[in-house]
Amino acid sequence: MTSFSGTGFEVKYYIDKVLLSKQTAYQQLDIITNKNFGRMMFLDKDLQISERDAHHYNNAMVTPLIERQNAFSSVAILGGGDGGVLRETLRHKPEKAYLIEIDEEVILAAKEYMPGVCGKAFDSRKASIVLGDANEFLEQKHDFDAIIYDLTMHPESITDMERMDFLKQIFSRIRKSLKSGGMVSMQCCSEFDMETQTLLKKLLPRYFRHIVYKTVFIPSFCENWVFASAEVR
């Protein structure tokens, strides 16, 4: 199985067994087992999460919110259909956690094949699963304590909008969907994806303040990944 990187290289993973391979209404979905990383989920041949090191990614998405806000009662997770970020969020006992995922097949696959990542998160009474487009969800009126952006920073394959226009629109809607002093956390791609890093450092200050970047090595990604947290302006 090959996972393509936006930073000039590709990573090949040995497949012990293919557990699932199907074309959904939105993307190619594959789940394999690997000797070193356990079960691994790929979307359009791009690695999303692995059982053995999912905690590195999920902690990096959620922990900054706890460190900066101590607690939150309502949180929205944009994307994250594998359930890992939702599971980590629920550990901190919010009153309600919303997960907005456009592809139900990803959720169903995670529940069946990757319980090591999602656990029972999807069945929690504190979790509300919204099937739909995250950008459209944010058009509605919300008042969240925190929003976690677990979507791609390369939306070219999922929208006809220009990348800059897409990010401007969704960042603006995230800002409007947060309470005063609300927090946002997001994944920002590889540290070697310099185009994305430069773009985000230009865009994020327009919508958020007190921006903190953190770099975490994700073993299954074979590279350092950048995460950001910030407060709404």
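Read-outs throughout are calculated quantities, based only on the coordinates presented, and are distinct from any laboratory measurement. Because the structure is a prediction, the values reported are computed rather than measured. Don't worry about glycine lacking a Cβ; one is built from the backbone with ideal geometry, like all the others, and counts go over all protein chains shown.
His142: net charge of surrounding residues, Cβ under 12 Å, Lys/Arg +1, Asp/Glu -1, itself excluded? It would help to have the intermediate numbers written out before the result.
Working: positive: Lys96, Lys141, Arg173, Arg175, Lys176, Lys179; negative: Glu139, Asp143, Asp145.
Local charge sum for His142: +3.
In a shell of Cβ-Cβ distance under 11 Å around Leu151, excluding Leu151 itself, what net charge do Lys and Arg (+1) and Asp and Glu (-1) give?
Details: positive: none; negative: Glu101, Asp133, Asp150.
Charge balance near Leu151 sits at -3.
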Sites matching trypsin sites (Lys or Arg not before Pro) across segment 132-204 that sit in DSSP coil, with at most 11 neighbouring C-beta atoms within 10 Å: Lys141
Where the Cα pairs of segment 46-162 fall when distances are cut into 5 Å bins, in %: 2, 11, 23, 25, 21, 12, 5, 1
Coordinate range along principal axes, alpha carbons of segment 120-233, Å, largest first: 37, 35, 32
Taking N as its residue count, the alpha carbon Rg of segment 2-50 over 2.2 N^0.38 Å: 1.11
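Report the relative contact order of the chain, percent, no decimals, based on alpha-carbon pairs under 8 angstrom and at least 6 residues apart.
Taking the mean separation of contacting Cα pairs over the length of the chain, I get 16 percent.
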In segment 10-67, trypsin sites (Lys or Arg not before Pro) in a DSSP loop with at most 12 other beta-carbon atoms within 10 Å: Lys35
Length-normalised contact order of segment 2-50 in % [C-alpha pairs under 8 Å, at least 6 apart]: 30
Charge context of Arg209, other residues only, Cβ under 14 angstrom, K/R +1, D/E -1: +4
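Using the C-alpha gyration tensor of segment 21-112, what are the square roots of 5 times its eigenvalues, in whole angstrom, with the largest one first?
Numbers: eigenvalues 129, 50, 18 Å².
Over the Cα atoms of segment 21-112, the ellipsoid semi-axes are 25, 16, 9 Å.
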Residue exposure sequence - Asp133, Asp30 - by fewest surrounding Cβ within 10 Å: Asp133, Asp30
FRET efficiency, Cys222 to Tyr26 (Cβ-Cβ, R0 30 Å, nearest 0.05): 0.70
Within segment 51-115, GluC sites (Glu not before Pro) in DSSP loop having at most 14 other beta-carbon neighbours inside 10 Å: Glu95
